[in-house]
Structures are given as C-alpha cells and as structure tokens.
Amino acid sequence: MSISIKGQGEGVKTIHRRPQDHVGRFLLTSAAIWRIRDRYQTGLGGRMPKIFRWDLVVTEDMIDGNGHVNNVEYLRWMQDAAKHHSESRGCARAMQAMGATWVVRAHRIEYLKPCFSGEHISVLTWIASFRRVKSLRKYRILRREDGALLVEAETDWIFMDRESGRLKSIPQEVVELFGMVPEGQEEEALAALS
C-alpha cells in the first residue's frame with residue numbers, strides 16, 4: 001500500500017505501509033508522532049517539564065452567591081489546563097490524526113481554601129499514571145499572591161475511538177508525548193517548577 005503525503009513547504013513523499021500500520025482511517029507512524037513532539041519542544045532546550053502550569057486571573061463572573069469562586073469554576077479550570085497541556089505536547093493533534101479522544105470517567109476534588117475576584121491563580125497538572133486505556137491526571141490549584149494551596153484534585157481519563165466510542169489502548173507514543181510524574185516523585189517535580 002502506498003500513500004502520498006504533502007506537507008507545507010515539502011515535496012510529495014510516498015510512504016509504503018502495511019494495512020495494519022493504519023490507525024482507523026489515518027496513517028500515523030511513530031516518526032510522525034515524534035515530529036509533532038519535537039515541534040512542541042522547540043524553545044525548551046529539548047526538555048519539556050512534566051508538570052504543566054496554566055495561569056489565570058479570577059474574574060467577577062466566576063464568583064458565586066457566597067462571594068468566592070464557584071466550585072464549578074475549579075472543574076472548568078482543571079479541564080482547560082488539561083486541554084492546554086495536551087495541546088502544548090502535541091497530543092491533541094496526534095489524537096486527531098488517530099481518530100481518538102479522551103473522555104472523563106471520574107473527578108475527585110478537595111476544596112481547601114476559598115478564592116476571590118482579582119486573585120492570580122496557577123493550575124498545575126501532570127500525568128500520574130497510564131494503564132491500558134486509562135490515565136490518571138492530577139492537579140493543584142494555587143493562589144500566586146501567597147502560594148496558598150486552594151485545591152487538590154485528580155481526573156480519570158479514558159482513551160476512546162472517536163467514531164465507535166469503544167475503548168482504545170493508549171499507544172506508547174502518546175504516553176511518551178506527556179511523560180509521567182509517578183506518586184512519590186510529585187514533590188520533587190513540583191519543587192523543580194520554582
């Protein structure tokens with residue numbers, strides 16, 4: 001089987017593959033995933049931190065009737081941070097090419113301190129584990145003004161085929177796009193961010 005691919009600024013390349021090298025309707029080789037990863041590592045000295053940080057400022061529309069950030073906003077921040085993390089690693093693009101997606105199985109959130117309008121927040125997130133079709137993502141939400149830990153949370157994500165909705169094994173290439181911070185190494189990795 002031959003497939004011709006033409007990218008921006010490139011000539012036509014013909015790739016010869018066996019039918020089993022196809023993922024769904026798409027051809028996605030390990031080399032293609034590594035090129036995506038390398039593109040996202042540019043500017044980081046070839047090294048990507050395993051913990052992703054997403055910063056935001058609390059706005060008035062995030063405040064509930066109790067005068068502090070609504071609990072639903074923390075969940076929204078977690079999901080947004082996970083999305084930005086995935087995009088920063090090139091995983092979103094690789095998954096689209098594979099015809100795959102992540103869906104949430106469960107969230108666990110522990111609210112430790114309230115947060116108020118105008119405060120500067122950092123959402124830290126990392127992958128703690130990968131299993132065959134499941135990934136555990138952890139979060140810490142901090143107030144930047146004083147470093148206070150506001151929330152500790154985690155989400156179980158399930159890897160699925162976008163068209164069929166069936167569970168799909170997580171390819172090693174996707175695992176390598178993220179890296180992991182296993183339990184027991186979290187504090188060291190968090191300290192390296194400072």
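Multiplying the residue separation of VAL104 and SER164 by 0.36 nm and subtracting their alpha-carbon distance yields 19.9 nm. Per residue, the accessible area of the stretch 55-175 comes to 48 Å², computed with a 1.4 Å probe over protein heavy atoms only.
Stretched out straight at 0.36 nm per residue, the stretch from GLU187 to LYS83 would grow longer than its current Cα-Cα span by 35.1 nm. The GluC sites (Glu not before Pro) found in the stretch 66-145 that occupy coil by DSSP, while having at most 14 further C-beta atoms within 10 Å, are GLU145.
The accessible surface of the stretch 48-165, taken with every protein chain in place and a 1.4 Å probe, is 49 percent carbon and sulfur.
The values are calculated or read from the model by the stated rules, or taken from the named source; none is laboratory data. These numbers were taken from a predicted model, which means no experiment stands behind them. Every residue, glycine as well, gets a Cβ built from its backbone with ideal geometry; the counts of neighbours run over all protein chains shown. These accessible areas exclude ligands, DNA and RNA; they are computed on the full protein's heavy atoms, side chains included. Shrake-Rupley method; radii C 1.70, N 1.55, O 1.52, S 1.80 Å.
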